[in-house]
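The values are calculated or read from the model by the stated rules, or taken from the named source; none is laboratory data. Remember, it's a predicted structure, so these values are computed and weren't measured experimentally. Methodologically, a virtual Cβ is constructed for each residue, glycine included, from the backbone with ideal geometry; neighbour enumeration extends over all protein chains shown.
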């Protein structure tokens with residue numbers, strides 16, 4: 001068995017057990033919904049172990065000292081995404097998350113969760129995909145598909161899944177073009193925040 005084939009088989013197993021299986025545990029309520037934060041941090045720790053074992057550098061993850069050089073494309077991407085979400089709120093039924101500033105759990109966990117998602121899906125998964133596949137389109141589509149599947153735990157998944165798949169394509173494409181973990185994390189946090197307060201994401 002050549003190294004590429006073996007690497008792909010290992011990657012599919014990692015995606016199954018570290019990305020798909022935890023979501024299924026939540027979706028089928030084998031684990032309670034309030035365990036999702038603990039589960040996310042647990043998966044992040046396991047992935048950190050993989051990264052340490054593989055001896056990836058900070059640059060492998062997209063953490064660079066000159067990260068601000070990509071500020072223009074990331075700013076345009078983020079502003080465009082915010083405008084799209086506000087436009088979407090005019091044409092799709094939704095329930096705005098009123099008085100979010102009074103929700104302590106939301107305020108304390110929102111930013112860390114958004115950043116962790118980018119570390120897990122772009123910083124780590126994208127790099128895993130790039131190491132065994134050569135097609136940018138395939139890499140971006142797989143990354144976006146796994147990212148969207150994580151959102152099956154939200155209500156109105158018929159709407160949320162296509163929306164997060166499109167968002168996942170945007171995040172994956174930006175990261176592929178401009179490998180910049182700090183800026184993609186900021187963009188994700190801003191867009192996630194906008195989508196949450198507009199009421200697009202409600203945990204089932």
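Does region 156-164 contain at least one residue that is farther than 28 Å from residue 72 by Cα and in a loop (DSSP other than H, G, I, E, B)?
Yes, there is a match, as at least one residue in region 156-164 is farther than 28 Å from residue 72 by Cα and in a loop (DSSP other than H, G, I, E, B).
Filter region 52-74 for residues that are assigned to a helix (DSSP H, G or I) and surrounded by fewer than 16 Cβ atoms within 10 Å (Cβ to Cβ) and give the result.
Hits for region 52-74 are 52, 53, 54, 58, 59, 68, 69, 71, 72, 73.
Taking the residues in region 124-153 that are buried (at least 17 other Cβ atoms within 10 Å of the Cβ) and farther than 14 Å from residue 15 by Cα as candidates, determine which candidate is nearest to the chain's Cα centre (by Cα).
Restricting to residues being buried (at least 17 other Cβ atoms within 10 Å of the Cβ) and farther than 14 Å from residue 15 by Cα, the top hit is 151.
Pairs, please: C-beta under 8 Å, at least 6 apart or cross-chain, first residue assigned to a helix (DSSP H, G or I) and in region 90-104, second surrounded by 10 or more Cβ atoms within 10 Å (Cβ to Cβ) and modelled with pLDDT of 70 or more?
Between residues of region 90-104 that are assigned to a helix (DSSP H, G or I) and residues that are surrounded by 10 or more Cβ atoms within 10 Å (Cβ to Cβ) and modelled with pLDDT of 70 or more, the close pairs are 100/196; 100/197.
For the condition part of a helix (DSSP H, G or I), closer than 30 Å to residue 10 by Cβ and at pLDDT below 90, what is the one hit in 112, 182?
112
Name the residue, out of 37, 77, that is touching a helix residue (DSSP H, G or I) at 6+ places or on another chain (Cβ under 9 Å), surrounded by 13 or more Cβ atoms within 10 Å (Cβ to Cβ), at pLDDT 95 or above and on the phi < 0 side of the Ramachandran plot.
Step by step, each of 37, 77 is checked, and only 77 is touching a helix residue (DSSP H, G or I) at 6+ places or on another chain (Cβ under 9 Å), surrounded by 13 or more Cβ atoms within 10 Å (Cβ to Cβ), at pLDDT 95 or above and on the phi < 0 side of the Ramachandran plot.
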